[in-house]
Amino acid sequence: MAFDKGNNPGRRNSQRPPKKEEEFDAKLVDLARVTRVSAGGRRFSFRATVVMGDHKGRVGVGVAKGSDVAMAVEKAKRQAKKTMIKVSLEKHTIPYEVEAKFGSSRVILRPQREGRGLVAGGAAREVCEKAGIKDISAKFISKTHNNLNNARATMKALEQLPIILKMTPEVKEEDNKEKENAVTPTETNSKKD
């Protein structure tokens with residue numbers, strides 16, 4: 001007697017729903033064991049730093065602590081989703097050079113010509129890669145090797161870039177309606193009289 005796996009309603013896992021593909025790609029940048037000393041002795045936990053992005057201009061950095069590595073990474077992923085920013089891209093690079101400082105970390109991001117590639121190291125490389133930037137040069141001026149501060153400095157630099165909205169017909173119509181309905185300061189003064 002042969003069993004038909006697909007048509008038997010008594011089987012629990014006969015029809016599993018397909019796994020949905022995550023829209024964001026995550027990478028663990030830093031993992032540190034941290035210690036808290038209390039009266040009973042030392043308590044160990046883990047701090048995870050995760051960079052998450054969709055390779056289309058959205059990227060975030062999350063930091064979280066947990067009693068084990070898996071818990072810390074999951075919490076850091078949730079934190080990274082909450083802190084997402086939108087990066088303006090011009091042909092897979094940034095519009096102009098930016099510099100930022102976070103803590104003791106300083107970073108310079110420079111746009112590069114098409115085909116040059118991602119010339120960056122450590123946390124800056126991961127942040128730029130997850131944001132979808134393909135042609136960029138990043139340089140850490142500081143002496144620090146702290147991946148958390150380096151990732152946050154890179155994020156701060158990317159936040160300085162303006163968000164360029166492409167004017168679709170729908171956006172143009174909304175913009176025109178707002179301009180028509182806008183009240184100028186001279187109109188408000190004349191209405192009071």
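FYI, it's all coordinate maths here, none of it is from the lab. Keep in mind it's a predicted model, so treat the numbers as computed, not measured. Cβ placement follows ideal geometry from the backbone for every residue including glycine, while neighbour counts extend to all protein chains displayed.
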Seminar exercise, completed: Taking alpha-carbon centroids only, the stretch 84-105 lies from the stretch 118-167 a number of Å equal to 6
Exercise. Could you give the alpha-carbon Rg of the stretch 35-74 over 2.2 N^0.38 Å, rounded to two decimals?
Worked result: 1.60
Problem set entry | R0 of 30 Å, Cβ-Cβ distance residue 90-residue 44: FRET efficiency to nearest 0.05 | 0.05
Seminar exercise, completed: FRET efficiency (residue 33, residue 104; Cβ distance; R0 25 Å; to 0.05) is 0.70
Exercise. Regarding the stretch 103-157, what is the average projected area of its C-alpha convex hull, in nm²?
Worked result: 3.3
For this session: Between residue 23 and residue 160, with labels modelled 7 Å along Cα→Cβ, what's the label distance in nm to one decimal, could you check?
Result: 3.0
Exercise. Which of the peptides 46-52, 150-156, 140-146 is most tightly packed, and how do the rest follow, going by the mean number of other Cβ atoms within 10 Å of each residue?
Worked result: 150-156, 46-52, 140-146
Seminar exercise, completed: Taking a crude spin-label model, label points 7 Å out from Cα along the C-beta direction, the residue 144 to residue 68 distance in nm is 3.2
